[in-house]
Amino acid sequence: MSGRSLSCSLEGIQKAKKALIRYSLTQKALAQELEVTRQPIGKFFTGKPVDRNLFVQICDRLDLEWEEIVAEPASEPEVNQDNSIDIDAIVQEVREKIKPLIQECCGTMRVLDMTQPIGLNDIYTSVNILEKITGQQRLGIDEFLKHFSSQDVDLFGLNRITAKRVPGLEAVEKYSKLMILGKPGAGKTTFLKYLAIQCIAGEFQAERVPIFVTLKNFAETANKPGLLQHITEEAINPISSIQDVITYGKALVLLDGLDEVREEDSNRVLKEIRDFSDRFPKNQFVMTCRIAAKEYTFEKFTEVEVADFDNYQIFNFTNNWFKDKSVKPETFIKRLEENNRIKQIAASPLLLTLLCLAFEESGDFPANRSELYKEGLDALLKKWDAKRGIQRDQIYKKLSVQRKEDLLSKMALTTFERGDYFFKQKLAEQYITEYIRNLPGANTDEEALQVDSEQVLRSIEYHHGLVVARAKGIYSFSHLTFHEYFTAREFVVVRQSSEEALQNLVSHITEKRWQEVFLLAVGMSPSADRLLLLIKEKIDAILSKYENLLYFINWVNQKSISVNVPFTTLTVREFYIDFDSEFYFDFSLNNYLTKSESELGFESESNIENVSSTLKYGFIKSFVKKLALKYLDSTEEPLRHLSLHADEFEVDNALISALNHSRKLASTASTVSTFKIGSQLSYALNRAITSTSDYELQRSLRKFKQQIPDPDKDKGIFKPLWRANGKSWVEKLKLLLIRYRNIGHEWHFTDEQKEIFKQYYDAHKILISCLKSDCYVSREVRQQIENTLLLPIAEIKQRQQQF
């Protein structure tokens, strides 16, 4: 064997270490015996080249045959006639040897509670890259608010203002040294594995050899080898000529998880990466790291950010996930579209995976969304790192996971109450300072607390991705969903549902943006009885200062009791609120008292159409169909017989239609439409006469019809007669409607009263949604609330006195 230096094989290193133990030697003692420094001895035991003579001396002292432990020299690379290396041939040779290793380490993925790994190509969804880092944008809060609506949930409206998205593969081709940043669970490792698989399959940069290095494993390798040695001897499972590939710049070096390196290894690893990339600059480098991790500086690397999933990526991922499974992707997507808050968190690949796992288990999302969000938060706060064996340095030792949640809850409520969906970094740090100064043993020095608060904010961002930088110095919760969840948690968990806390919460019942907070609060409450009763009391009191509205809701109750139709009184109350007033609402409060379509005697929308078409007129047909499509509330009779019981609604509808037409005739000045309106009035009166079974009402309507001109027979005097007598006829018809059907009242609501009643109605919708949310509520409280929905306070108090 020629050459002045020799190195020990991996097997030889193990034999030498055993020999040290056998002779009760240490490396230091061995160096002293051979009268050399510690350095060459350390190189020997890490497989690095040492002087040939010293190599033989070490083997003699350890009673080892040096020929048996020396590393075999790499086979001579193929040389062309001009003595240059045929690097292309070497690349292809190494690619063949390395292929099974790449497929083994990068070909599958398994996260969270997956019971088994899944093929990467079976699930992979193309990654998009932002070439401008979100947190480094120079934008003011006003810029964000222009695009933000808490009702139109669109990831805080940020999809409208983020930088242009570039396909991930395109970004890798564009930059020879790329640092990919991303939030926890953004898909950074998956993308790197995909690059390796595509490269080895010849689909991407087939002229290179993919080298995948998990930086955490490199940092924690025994004997602390250099990056080149780690690649050639550890990561690649020694393959000859790999060093030639690197030397000639033919490697695709994939360095994964810089943020996962422990603090004590950080400086050494950073230096190794810089030295390695500087020494072999012709290779392609792609490295991943979490956003907001320590401010690493790699001057020659271009920093980009993994973009959240857009709708297309969510759709693609879902199709891949549910392919050939009993749950169809179309079902998942449909339910996702119906749940905006859940869809919002689906923009994170990690949380989308969680949603798919949960949906696959039951075929739907949990009715209690707080449980689903808690599972997602647990994944970000604990499981995601724990499942991969990663222990991160705690910036603030006293801040346990629970205390982090408590801190986030306090921040969430404070900012949510103020409507601050975006807040300045200094304000966030102030909230943190106020919280941590009260922890046992906290630092009392204000400057030290300020430094701690800065570090805590950064660690929450890069460890868990729950609070994120939206621009320089501007933060928000990563999803509005989590902002609302932690707000609810402050009331229920941190403040333990105290009376003061619950009273504070219910004071927001008329604010629509608080709806999700109420749903989450009842969902996470061990018992939601008290909260639901307080909500009901607050709703009932909304109309208390408005006599006209109290009179109206009392009329609604009286009218709903008086009619005989196969719907619950709640449904009938809703009908008459919408029917004979200036309010126009969607029928929705009855949704929580439902039966399935099959229980109601129909199986498809076409059957609903067939049944409702038997009804006489369009208004009632529309009403019944709307109820049916929302899953009609409890009734003892099949839907197909509803037409037999619709006359009460039909009479009232026809009469109100007649009253409206008569008012138009009394005030119109148009000759073009007068006769048409007259015909419509006549038609409506005939409908009412034929629909009612009340003889006195029939007689009175016929008499009224005889008093007014006929649009066909009295064309010459029709308009003058209505102009002269219209007001008295309208008044006569109105009194007739009030006397026989208790309809036709003129309420004259002000704009303020209309807004107050809308708040009252919308608050009922929130209450109903809470009851539907699978919260724990006693049967007695549920029944009490259900029986008194949309009732006037006087009626509620009377019922309470009876029991």
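The values are calculated or read from the model by the stated rules, or taken from the named source; none is laboratory data. Predicted model only: the values in this text are computed from it and were never measured. Glycine gets a Cβ as well: all are built from the backbone with ideal geometry, and neighbour counts include every protein chain shown. Heavy atoms of the whole protein, side chains included, go into the accessibility calculation; ligands, DNA and RNA do not. Shrake-Rupley method; radii C 1.70, N 1.55, O 1.52, S 1.80 Å.
With just the Cα atoms defining each centre, how far is the stretch 530-572 from the stretch 714-744? Give it in Å.
31
For the ranges 30-36, 660-666, 537-543, 494-500, what's the packing order if you count other beta-carbon atoms within 10 Å of each residue, average per peptide, and put the highest first?
Highest to lowest by the protection proxy: 660-666, 537-543, 30-36, 494-500.
Using the Karplus curve 6.51 cos²θ - 1.76 cosθ + 1.60 with θ = phi - 60°, work out ³J(HN,Hα) for each residue of the stretch 501-515 in order, rounded to whole Hz, and write x for Gly and Pro.
For the stretch 501-515, the Karplus-derived couplings read 5, 5, 5, 4, 5, 5, 5, 9, 5, 8, 9, 4, 5, 8, 4 Hz, x marking Gly and Pro.
Hey, any idea what % of the stretch 420-532's accessible area is carbon plus sulfur with a 1.4 Å probe?
C and S fraction of accessible area: 45 percent.
How much length is gained on full extension from residue 118 to residue 782, taking 0.36 nm per residue of separation minus their Cα-Cα distance?
234.6 nm
Using θ = phi - 60° and the Karplus relation 6.51 cos²θ - 1.76 cosθ + 1.60, list the HN-Hα couplings for the stretch 456-468 in order, rounded to whole Hz, with x at every Gly or Pro.
Running phi through 6.51 cos²θ - 1.76 cosθ + 1.60 with θ = phi - 60° gives 5, 4, 5, 5, 5, 5, 8, 6, 10, x, 8, 10, 10 Hz.
What distance in nm separates the simple spin-label points at residue 328 and residue 527, each placed 7 Å from Cα in the Cβ direction?
For residue 328 paired with residue 527, the spin-label model returns 4.4 nm.
If we sort 266-278, 400-412, 464-476 on the protection proxy, mean other Cβ atoms within 10 Å, highest first, what's the order? Walk me through the numbers before you get to the answer.
Details: 266-278: 16.5, 400-412: 19.4, 464-476: 21.6.
Highest-to-lowest ranking by the protection proxy: 464-476, 400-412, 266-278.
Rounded to the nearest whole Å², what accessible area per residue is found for the stretch 282-364 with the 1.4 Å probe? Don't skip to the end; give the middle numbers.
Values: 3640 Å² over 83 residues.
For the stretch 282-364, the solvent-accessible area averages 44 Å² per residue.
Which FRET efficiency, nearest 0.05, do residue 17 and residue 203 yield, Cβ-Cβ r, R0 45 Å?
0.60
What does the charge add up to near residue 119, with Lys and Arg as +1, Asp and Glu as -1, over the other residues with Cβ less than 15 Å from its Cβ?
Numbers: positive: 110, 193, 323, 325; negative: 104, 122, 324.
After counting each charged neighbour, the total is +1.
Determine, for each peptide in 732-738, 196-202, 186-192, the mean count of other beta carbons within 10 angstrom over its residues, then list the peptides with the highest first.
186-192, 196-202, 732-738
Could you provide, to the nearest whole Å², the per residue accessible area of the stretch 396-545 with probe 1.4 Å? Show your work: numbers first, answer last.
Values: 5710 Å² over 150 residues.
Here the residues of the stretch 396-545 average 38 Å² of exposed surface.
Taking the Cα centre of the stretch 652-803 as origin, work out the dipole magnitude from +1 charges on Lys and Arg Cβ and -1 charges on Asp and Glu Cβ, in debye rounded to 20.
Using only the charged Cβ atoms, the result is roughly 660 debye.
Carbon and sulfur: what percent of the stretch 319-372's accessible surface (1.4 Å probe)?
45
Give me the number: length gained by fully extending residue 173 to residue 68, i.e. 0.36 nm times residue separation minus the C-alpha to C-alpha distance, one decimal in nm.
Contour length minus the Cα-Cα distance gives 33.3 nm.
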